[in-house]
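J.: To start, I am sharing the structure in question, which I have written as structure tokens.
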Amino acid sequence: MRRTLLLCMLGLASACGGPEMQDEASDTLGEVNQRLALMDYQAADTASAANPTTSANSYVDLIANEAVMIGTCVLNEAYFSGDTALRLYNPSATQVAYNDDYCGGYGSKISYTPTVSGSFLLRAGCYSSGACSGTVAIARRKGAPVSFNVTNTNNAQLNTFNKQYSFAGGDLVRVSTCAYNSTGATASGDTYLRLYRNVGGVFTEVAANDTASTSCGSAAEIVYSIPSSGYYQFRAGCATNTACSGNVAVYVE
């Protein structure tokens, strides 16, 4: 979900040092709200993001019961160099989530569902006393994952489980049965996903996927940039005419 870019505050003299985003309209602060990342940072000697002085610190608004993923890997625009670490603190300054080892043990990804709404402190740093840099991105889940159990779907073209959502133009959505990439998603068997745009009851297919990546096994996942606001429907099925089941998680990044 795009909000105004949250700038990182470092205890270092250098400026934030993540990768440049080539698709921004300009470098002015008035335009960076189109960016999906929360912040860029570079740091060293952060005691695994426990040191508030040497770590990068930024605030993010979270909503009660809205599950989020926050990370330097997996998510769109996320990036890491070196061994990153992330900590999340609730509005009462209590640590509620921490991750050091993801994406080969060097990236970081926090999955968290807040019980209260408010401004949470995100602290980004590096493992132990090492140096690192990264771009921290966020994905917000739309409701609870939905379960399906189907068979003989002919690559998700019939006998599918269908569910519709409303998205805004410019949203980047992740529709997934891959547990590694999307917290709450699961897959048993060879899942297949298709995404359709609904305009006046006419469904037009806009994306499809059978196998997301090597880290997903045979689980399917669609990552799609919504071109214009409206209703979109995913259809969950199985490869060929096999049987499969799982949970579909839908995130907006």
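No lab work stands behind these numbers, since they all come straight from the coordinates. The structure presented is a predicted model; accordingly, all values stated were derived computationally and were not measured. FYI the Cβ positions are ideal-geometry reconstructions off the backbone, even for glycines, and counts take in every protein chain you see.
J.: Quickly estimate the mean residue ellipticity at 222 nm for the chain, helices only: each DSSP H run with n ≥ 4 gives -39500 (n - 2.57), and the total goes over all residues, rounded to 500.
T.: So the helix-based figure for the chain works out to 0 deg cm²/dmol.
J.: May I ask which residue of 249, 150, 233 lies farthest towards the positive end of the charge dipole of the stretch 146-252, with charges of +1 (Lys, Arg) and -1 (Asp, Glu) on Cβ and the Cα centre as origin?
T.: Among 249, 150, 233, the one farthest towards the positive end of the dipole of the stretch 146-252 is 233.
J.: What is the list of residues in the stretch 102-130 whose amide nitrogen lies under 18 Å from a point 7 angstrom out from the Cα of residue 47, following Cα to Cβ?
T.: What the label zone holds, given the 18 Å backbone N cut-off, is 122-130.
J.: With the cut-off at 1.5 for a/c, could you classify the stretch 146-252 from its C-alpha gyration tensor as rounded, prolate or oblate?
T.: Numbers: a/c = 2.03, a/b = 1.33, b/c = 1.53.
Here the stretch 146-252 falls in the oblate category.
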